[in-house]
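Q: Mind having a look at this structure? Questions to follow.
The values are calculated or read from the model by the stated rules, or taken from the named source; none is laboratory data. The structure displayed is predicted, hence computed values, not measured ones. Here Cβ is always computed from backbone atoms with ideal geometry, including for glycine, and neighbour counts include all displayed protein chains. These area figures cover heavy atoms from the full protein model, side chains too; ligands, DNA and RNA do not enter into them. Shrake-Rupley method; radii C 1.70, N 1.55, O 1.52, S 1.80 Å.
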2 protein chains.
Amino acid sequence: MQSEPAAVSRRDLLSLIGVVCGSAAMYHAMTSLGFASDSGYKGPIKLDGDPKGTSVLILGAGLAGMTAALELRKAGYSVQILEFNSRPGGRNWTLRGGDSFTELGGARQSCEFEQGLYINPGPWRIPYHHRAVLDYCKRLGVTLEPFIQLNHNALLHSTMAFAGVPQRIRDIKSDFQGQIAELLAKVTQQGKLDEAVSKQDREILLQALRSWGALDHDYAYKANLISADFRGYAKAPGGGLDAAPVPGEPIGLADILKSRLWRYLQNFALHTFQTTMFQPVGGMDMIGKAFAREVGNVIRYNAKVTRIQQDDHGVTVTYADPGDPATPHEAKADWCVCTIPLSILSQLPLDVGARMKAAIDAVPYAASVKIGLQFRRRFWEEDEAIYGGISYTDLPIRQIAYPNTGYNASGRGVLLGAYLFEGANAYEFTSMPPAERVAKAVEFGAILHPQYRAEFENGIAIAWHRMPFTLGCAGSWTDAARADHYNDLCQIDGRIVLAGEHASYIPAWQEGAILSALDAITRLHQRVVKT
Amino acid sequence: MQSEPAAVSRRDLLSLIGVVCGSAAMYHAMTSLGFASDSGYKGPIKLDGDPKGTSVLILGAGLAGMTAALELRKAGYSVQILEFNSRPGGRNWTLRGGDSFTELGGARQSCEFEQGLYINPGPWRIPYHHRAVLDYCKRLGVTLEPFIQLNHNALLHSTMAFAGVPQRIRDIKSDFQGQIAELLAKVTQQGKLDEAVSKQDREILLQALRSWGALDHDYAYKANLISADFRGYAKAPGGGLDAAPVPGEPIGLADILKSRLWRYLQNFALHTFQTTMFQPVGGMDMIGKAFAREVGNVIRYNAKVTRIQQDDHGVTVTYADPGDPATPHEAKADWCVCTIPLSILSQLPLDVGARMKAAIDAVPYAASVKIGLQFRRRFWEEDEAIYGGISYTDLPIRQIAYPNTGYNASGRGVLLGAYLFEGANAYEFTSMPPAERVAKAVEFGAILHPQYRAEFENGIAIAWHRMPFTLGCAGSWTDAARADHYNDLCQIDGRIVLAGEHASYIPAWQEGAILSALDAITRLHQRVVKT
């Protein structure tokens, strides 16, 4: 990705900085200039050396499996993929009007969204530092648009604060920050920071707190046009006569602290969710479909793996078509890259050693429920000026996420009416019939947006623990499980290597799936070329 | 914009809150639910009553003038617009390959950008709370996409700090905030906040500071995976073996304070620049063109106004075609809405009273220079993972703004290589020949992005003080000038009323132009219908 002329001038610059300013400056120069990189991704993989027709059987046509297929085939391997579903992508999935699916227990849902509207039941956003996903999007022609994580005008809601009335994120954010700044400015002026901050720095600190915290000349955060420039106005500036702005009254720090709405603020600051995030134009499955344009011809769909065997010469995988489960098929290859989720793999007969088996058994899968709701009109934009982004609540629905596309359009819209991730509510919603999940999402959502009652049309609810192809949302590693089992999970066991988000330090993210596949096939290739 | 069923349930809710919780809760409920609104815009204007063929001459086909024309014609007026340029939009303007223009002094520039690439020399972003602009975009079919103001991975650069090496915004932002939180947590634990914060609140404050400031269990902000989750990693989490993340070393608070890079942080918090901002897909002039699709047939282009007269019966405006300045033309109407910038209007013979004349003369126009640069490839994305947003520097160029469209695409890209606004550098750049401005932008920009040297292709530089149709970027009101003159500027003087961003409390923004036009024609209409 680094062009040569630029790289050379950067190295010169860095070495100069190292000599002149020492290693700390050098480090910050490196991180700033991008060498100490944002991603484990090193650019397109290079698998040098001739595999001489070696065959690889890949289990799963999600992003990990299709990445492996794409790159191994390019390197000269003979590849085949077995996929449980009748479509590519796995959790990379988008639901549109006309789609339908059946969950464990037999409930079948049909999506009734208007044409052009969709929901992404699985991954729905791509951080800018997920360089592998972005590079495959570039190489495969997937067009991206911004995903809005922080919308200052969206809502923070606690049933136990502000009489249950939702607050604007901008108010909580500005008022918290402003009053933090005021408190620190006060103790700075009172000489209480004298041990911690030098005299010269204290003066700059006061300036910084004033600038960043919207403090007035007395270092106070209060109702005036300075704070209004951050939190918004009671009466916004206008045009012509009677156009002067009027500030609003900040929310007191004690009220913010007690409300605990501050705990949502980190959702906008975490590296994972920092600007600029992306989503594919038209739905997340544009990525899966783009991969399938490349490797679709080696995918055998509707192939439910029932057994994985290996010996010194190769791998034999038994599978059946769910429509004809009594007729087993076999696929053979020299090697196997298995991306089947551990939740399912742990239940299959599998010829691997005790350590890998223990690792496979050690990772529970997270519960997650997503509910898409269609409304007659985009009332969140029209009535409330909420364009994209996410509102947070302590209600069981946890989040309401507004569409990051089709802004300002007339007509219908679909929003994510609930995103439950782990916790008791996720299990509770999973246990409900789909229609009840949708009804609950409407009932709870109407507490934040009363317009729900008049505008709701239809919905669809995905409970990941009931999805037959994953039995859960993603691998839920604890630190202890990782210490005990992660390396065993990732080793090549005979002729089998695992890949997928579960075999990464970026669980539940597509980047983890792709990077784990690239790492797995790199090591597999080294063995093949060496032998 | 408010649908009736929703409005009713909101009012019920609000009145209930007022009764149960008192007026403070009521206020926060109102602001949260959107009644105490984000904009002076009240929805589509209603001009009831028959103007009986009254004629209005509008001077200027910028957004103010075209808004006035659109709405007055709809209300039954006979309207005509005189426009200096040969295109609609005024400062609502986009430059693409093939466009050319001549500035004062005679320098002519031709834009050589590749097809599909552009720069917006005037307005380039639309806040979500600029409800009038957004509503006209909706009514006129202008498609919007997000404008990224804050890109955490863009750069902050001071020539006098960090050996001149640019820093990532995310590092400065996280490390400043984290160490502010640490300082405040320390004094809280030392009992130094006991006067200011109650005991119960102190405990919650500590939790909040830890959550928001990425502090560890000892309330320290330091190199660990907690701070790395906010600021990013030295080695990012990856997939497969050797994938564990490694945190980087935070930048010390003293270094951040001395660098003064903290002063840029408010650019991401100010209400004006809060998410979600927008830009029209394809260029800002999509708005001007959309208005012109409606009112283009009443615009007389290439009409340079030279005199504005009025008497008790109407208004007479003298104008000439710049191609034939010796042949004056006259246009007459019952009323005049004049949107000519004050920088130009103050130099014209104009029949208005002394108070309005004094107001017109009281507003200097801000200097501003924007420079668009085309590069062979989007190196800021490919090499540095900077997708959209803005880098800030204390170099004369002030800002480098990356395109908020075409993300992740291969091929050429155009960025905003300089945005000088007021200050000595803006005047200095204005005084340079265009080619020198471009050369300087490349020279300075290469300090942040060494790739400039290899990748630069061509550029174009707009110095607003040299643009014949505005002689400056926007009206630069002081508080004192506003107190003395603003109301006089906005009054109807006989049969003339002024409109434009200069007649608003949102100077330099399109919302100010539109809101001022709506206010002016509302008052004009009241007079017409009354007489």
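Q: Among the candidates B:ILE180, B:ILE148, B:ILE172, which residue alone is more than 9 Å from chain A (Cβ to nearest Cβ) and within 24 Å of A:ASN267 (Cβ to Cβ)?
A: Only one candidate passes the filter, namely B:ILE172.
Q: Sticking with this one: Looking only at residues in region B:66-113 that are among the basic types (Lys, Arg) and over 23 Å from the mean Cα position of the chain (by Cα), which one is least open to solvent (accessible area, probe 1.4 Å)?
A: Applying the filter and picking the extreme gives B:ARG73.
Q: So which residues in region B:153-164 are facing chain A (nearest Cβ under 7 Å) and open to solvent by 10 Å² or more (accessible area, probe 1.4 Å)?
A: B:PHE162, B:ALA163 - these are the residues of region B:153-164 that are facing chain A (nearest Cβ under 7 Å) and open to solvent by 10 Å² or more (accessible area, probe 1.4 Å).
Q: I'd like the full set of residues that are within 14 Å of another protein chain (Cβ to nearest Cβ) and farther than 25 Å from A:ARG131 by Cα, limited to region B:373-424.
A: Once the filter is applied, which keeps residues that are within 14 Å of another protein chain (Cβ to nearest Cβ) and farther than 25 Å from A:ARG131 by Cα, region B:373-424 yields only B:THR393.
Q: Now for a different question. Being at the interface with another protein chain (Cβ under 7 Å from one of its Cβ atoms) and aromatic (Phe, Trp, Tyr) is the filter here, so list the residues in region B:248-271 that pass it.
A: If the condition is that a residue be at the interface with another protein chain (Cβ under 7 Å from one of its Cβ atoms) and aromatic (Phe, Trp, Tyr), then B:TRP262 is the only one that fits.
Q: Need at least 3 residues that are open to solvent by 20 Å² or more (accessible area, probe 1.4 Å) and closer than 28 Å to A:ASP50 by Cα per element, so show me which helices (runs of 4 or more DSSP H) inside region A:449-531 make the cut, counting only ones lying wholly within it.
A: Result: A:510-530.
Q: Now for a separate question. Testing A:LYS186 on (1) at pLDDT 95 or above; (2) open to solvent by less than 20 Å² (accessible area, probe 1.4 Å); (3) at the interface with another protein chain (Cβ under 9 Å from one of its Cβ atoms), one condition comes back false. Which one is that?
A: It is condition (2) that A:LYS186 fails.
Q: Checking B:ASN267 against (1) touching a strand residue (DSSP E or B) at 6+ places or on another chain (Cβ under 9 Å); (2) at pLDDT 95 or above: exactly one of these is not met. Which one?
A: (2)
Q: Please specify each residue of region B:318-345 satisfying the condition of being within 15 Å of B:LEU498 (Cα to Cα) and among the β-branched types (Val, Ile, Thr).
A: Result: B:VAL337, B:THR339, B:ILE340, B:ILE344.
Q: Separate question: Could you list, in sequence order, the residues of region A:210-219 that are facing another protein chain (nearest Cβ under 10 Å) and open to solvent by less than 10 Å² (accessible area, probe 1.4 Å)?
A: A:GLY213, A:ALA214
Q: Applying the selection to region A:122-139, what residues are under 22 Å from A:CYS473 (Cα atoms) and among the charged types (D, E, K, R)?
A: Within region A:122-139, A:ARG125 is the sole residue that qualifies.
Q: Checking the condition open to solvent by less than 40 Å² (accessible area, probe 1.4 Å) and under 22 Å from the mean Cα position of the chain (by Cα), which residue from A:LEU350, A:LEU373 passes?
A: Working: A:LEU350 fails: under 22 Å from the mean Cα position of the chain (by Cα).
Just one listed residue meets the conditions, A:LEU373.
Q: Oh, and also: So, in region B:236-258, exactly how many residues are in contact (Cβ under 8 Å) with a residue 24 or more places away in the chain, surrounded by fewer than 20 Cβ atoms within 10 Å (Cβ to Cβ) and not in a loop (DSSP other than H, G, I, E, B)?
A: Number satisfying all stated conditions: 3.
Q: Part of a helix (DSSP H, G or I), among the β-branched types (Val, Ile, Thr) and crowded, with 22+ Cβ neighbours inside 10 Å: does that describe B:VAL133?
A: So B:VAL133 fits the description; yes.
Q: From the list A:LYS199, A:LYS222, which residue is touching a residue at least 24 places away in the same chain (Cβ under 8 Å) and open to solvent by 40 Å² or more (accessible area, probe 1.4 Å)?
A: On inspection, the qualifying residue turns out to be A:LYS222.
Q: Which of the residues spanning region B:497-523 are more than 7 Å from every other protein chain (Cβ to nearest Cβ) and polar (S, T, N, Q)?
A: B:GLN510, B:THR522 - these are the residues of region B:497-523 that are more than 7 Å from every other protein chain (Cβ to nearest Cβ) and polar (S, T, N, Q).
Q: Next question. What number of residues within region A:121-147 satisfy the criterion of being within 12 Å of the chain's Cα centre (by Cα) and of a type in the set (Val, Ile, Thr)?
A: Number of matching residues: 2.
Q: Determine whether B:PHE421 is surrounded by fewer than 24 Cβ atoms within 10 Å (Cβ to Cβ), out of contact with any Phe, Trp or Tyr (no Cβ under 7 Å at 6 or more places or on another chain) and modelled with pLDDT of 95 or more.
A: Spelling it out, it is not the case that B:PHE421 is surrounded by fewer than 24 Cβ atoms within 10 Å (Cβ to Cβ), out of contact with any Phe, Trp or Tyr (no Cβ under 7 Å at 6 or more places or on another chain) and modelled with pLDDT of 95 or more.
Q: Which ones in region B:393-418 are closer than 22 Å to B:ALA474 by Cα and surrounded by fewer than 23 Cβ atoms within 10 Å (Cβ to Cβ)? Break it down stepwise before answering.
A: Quick first cut of region B:393-418, residues closer than 22 Å to B:ALA474 by Cα only: B:396-401, B:416-418.
Matches in region B:393-418: B:PRO396, B:ARG398, B:GLN399, B:LEU416.
Q: Does region B:16-32 contain any residue that is modelled with pLDDT under 50, in a loop (DSSP other than H, G, I, E, B), out of contact with any Pro (no Cβ under 7 Å at 6 or more places or on another chain) and at the interface with chain A (Cβ under 9 Å from one of its Cβ atoms)?
A: no
Q: Quick one: is B:ILE204 touching a residue at least 12 places away in the same chain (Cβ under 8 Å) and of a type in the set (Val, Ile, Thr)?
A: In short, no.
Quick grid of which residues meet (1) in a helix (DSSP H, G or I); (2) under 24 Å from B:ASP175 (Cα atoms):
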residue: A:ALA163; (1), (2): yes, no
residue: A:ARG170; (1), (2): yes, yes
residue: A:GLN179; (1), (2): yes, yes
residue: A:LYS186; (1), (2): yes, yes
residue: A:VAL197; (1), (2): no, yes
residue: A:HIS217; (1), (2): no, no
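Q: Specify which of the listed residues (B:HIS313, B:HIS329) is open to solvent by 50 Å² or more (accessible area, probe 1.4 Å) and assigned to a strand (DSSP E or B).
A: Numbers: B:HIS313 fails: assigned to a strand (DSSP E or B).
Every option except B:HIS329 fails the conditions.
Q: Next question, about the same structure. List the number of the failed condition for A:ARG355; all other conditions in (1) over 24 Å from A:ILE81 (Cα atoms); (2) under 24 Å from the mean Cα position of the chain (by Cα); (3) not aliphatic (A, V, I, L, M) hold.
A: (2)
Q: With (1) part of a helix (DSSP H, G or I); (2) more than 9 Å from chain A (Cβ to nearest Cβ); (3) open to solvent by 30 Å² or more (accessible area, probe 1.4 Å) as the list, and B:GLN207 as the residue in question, which single condition is left unmet?
A: (2) is the only condition that B:GLN207 fails.
Q: Next question, about the same structure. Please work out which one of (1) among the β-branched types (Val, Ile, Thr); (2) open to solvent by 10 Å² or more (accessible area, probe 1.4 Å); (3) part of a strand (DSSP E or B) is the condition B:VAL337 fails and give its number.
A: With respect to (1) among the β-branched types (Val, Ile, Thr); (2) open to solvent by 10 Å² or more (accessible area, probe 1.4 Å); (3) part of a strand (DSSP E or B), B:VAL337 is out only on (2).
Q: Here's another thing I want to ask about it. I'd like to know if region B:351-370 contains one or more residues that are within 19 Å of B:ILE462 (Cα to Cα) and either assigned to a helix (DSSP H, G or I) or within 14 Å of another protein chain (Cβ to nearest Cβ) (or both).
A: No, every residue in region B:351-370 fails to be within 19 Å of B:ILE462 (Cα to Cα) and either assigned to a helix (DSSP H, G or I) or within 14 Å of another protein chain (Cβ to nearest Cβ) (or both).
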